[in-house]
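Where a number appears in this text, it was derived from the coordinates with a stated rule and is not lab data. Not measured: the values here are computed from a predicted model. Here the Cβ positions follow ideal geometry from the backbone for every residue, glycine too, while neighbour counts run over all protein chains shown.
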Amino acid sequence: MKELVGFCRKCGKEIFCLDGFFNGVHLDAEHIHCFDCFEEESKPPEHLQKKNK
């Protein structure tokens, strides 16, 4: 079963509940993000990221 539950607050992508599992991230009671936008916002700033050499 696939049910539309809302739209990503950042990019507007449709977010669904798939077979009872929410396919996104709850930020608070009103806002949700898709996984891609949540990952992007959760990354530390580039100057703080560890560089592999």
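Every Cα-Cα pair in the chain was counted, and those over 14 Å apart are 57% of them.
Taking the Cα centre of region 2-48 as reference, the dipole from Cβ charges on Lys and Arg (+1) and Asp and Glu (-1) amounts to some 80 debye. Near the amide H of Arg9, within less than 5 Å, lie the amide hydrogens of Ile32, His33, Cys34, all on another chain or at least 5 residues away, with H placed in the peptide plane.
Each of Lys10, Lys2 was scored by other Cβ atoms within 10 Å of its Cβ. Arranged with the fewest first, they read Lys2, Lys10. Summing charges over all other residues whose Cβ lies under 13 Å from the Cβ of Cys34, with Lys and Arg as +1 and Asp and Glu as -1, gives -2.
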